[in-house]
1. Which of the peptides 36-46, 72-82 is most tightly packed, and how do the rest follow, going by the mean number of other Cβ atoms within 10 Å of each residue?
2. Assuming R0 = 25 Å, can you tell me the calculated FRET efficiency for the pair LYS176 and ASP126, based on Cβ-Cβ distance, to the nearest 0.05?
3. Which whole-number percent is the relative contact order of segment 4-170 (Cα, under 8 Å, 6+ apart)?
4. Could you go through segment 166-177 in sequence order and give the Karplus-derived ³J(HN,Hα) for each residue, using 6.51 cos²θ - 1.76 cosθ + 1.60 with θ = phi - 60°, rounded to whole Hz, and x for Gly and Pro?
5. Just to be sure I understand, if you calculate Rg and Dmax of the Cα atoms in Å for this structure, which of [x] 22.4, 85; [y] 15.9, 47; [z] 16.8, 51 do you get?
6. In the chain, what percentage of the DSSP-assigned beta bridges are antiparallel, given to the nearest 5?
7. Nearest 500 deg cm²/dmol is fine: what mean residue ellipticity at 222 nm does the chain get from its DSSP H runs of n ≥ 4 alone, each adding -39,500 (n - 2.57), divided by its residue count?
8. For segment 144-192, which trypsin sites (Lys or Arg not before Pro) pass both filters: DSSP loop (anything but H, G, I, E, B) and at most 14 other C-beta atoms within 10 Å?
Amino acid sequence: MYNFAVGIPTINRADLLNEALAIYAKCWPSLTIYILDNGNQNIVTQSPKQIVLKSSTNMGVAASWNFLAEKSFSEGFLRVLMLNDDIILDRDEHELHLRLNKYSDHELILQDGTWCSFILPKVVYDMVGPFDEDFYPAYFEDNDYEYRIKLDEHCEVQIDSVLNPTTYRNSMTIQKDPTLNKDFQANQDRYVRKWGGKPSYEWYKKPFQGRYE
């Protein structure tokens with residue numbers, strides 16, 4: 001059996017998340033879902049397996065992913081399916097188990113597109129390390145992690161369309177609060193300093209290549 005929990009960080013789209021949770025209660029009756037609420041929202045759970053965890057401040061995407069991963073792994077799960085709060089992945093849990101069983105513990109599984117839906121194994125997290133929380137509040141933490149996996153000879157990124165959202169709504173959090181995107185340029189600049197180029201144009205093999213931030 002493919003052993004995983006689900007992790008969903010959220011800050012201001014409880015309206016969309018509540019819609020998704022109603023669907024997940026039906027298609028994922030056995031899956032534990034950890035929801036990290038960074039925005040003190042009115043989240044309506046639909047099952048005892050949907051567990052809301054509160055943060056007093058906005059932890060940002062990277063720290064939220066780290067928190068949800070470590071929570072899942074501490075509860076004995078070997079992998080975590082990380083989802084955005086503005087998408088819906090309406091797949092039967094048995095279908096997910098069958099499709100994902102072919103992958104090893106050294107492979108991060110990504111949907112065909114953005115990082116709005118991905119499977120993170122504990123083995124990859126332990127070997128590559130946590131997400132870089134200095135990319136705050138959002139953007140480039142996913143590019144950073146994917147490049148770090150590429151630099152690790154033991155881990156890989158695999159693409160599987162089974163993780164493609166059945167309902168895809170892009171950047172709805174930013175649409176509601178554009179100020180959450182105010183540090184995009186600063187995060188991009190930090191990424192270039194860290195890896196020598198923008199995503200797909202990196203050339204450093206070690207972060208900052210002997211340079212200080």
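Any read-out appearing in this document is the output of simple, stated calculations on the displayed coordinates, not a laboratory observation. Remember, predicted model here, so these are calculated numbers, not experimental data. Cβ placement follows ideal geometry from the backbone for every residue including glycine, while neighbour counts extend to all protein chains displayed.
1. Details: 36-46: 16.5, 72-82: 18.5.
Taking the mean over residues of other Cβ atoms within 10 Å, the ranking is 72-82, 36-46.
2. Numbers: r = 35 Å, r/R0 = 1.40.
Given R0 = 25 Å and the Cβ-Cβ separation, E is 0.10.
3. Working: 319 pairs, mean separation 42.3, N = 167.
Computed over segment 4-170, the figure is 25 percent.
4. Once rounded to whole Hz, the list reads 7, 10, 10, 10, 8, 6, 6, 5, 5, 4, 6, 9.
5. Read-out from the structure maps to [z].
6. Bridges in the chain are about 30 percent antiparallel.
7. Details: 7 runs with 71 residues, N = 213.
It lands at -10000 deg cm²/dmol.
8. Values: sites: ARG148, LYS150, ARG169, LYS176, LYS182, ARG190; in loops: ARG169, LYS182.
Hits after loop and neighbour filter: LYS182.
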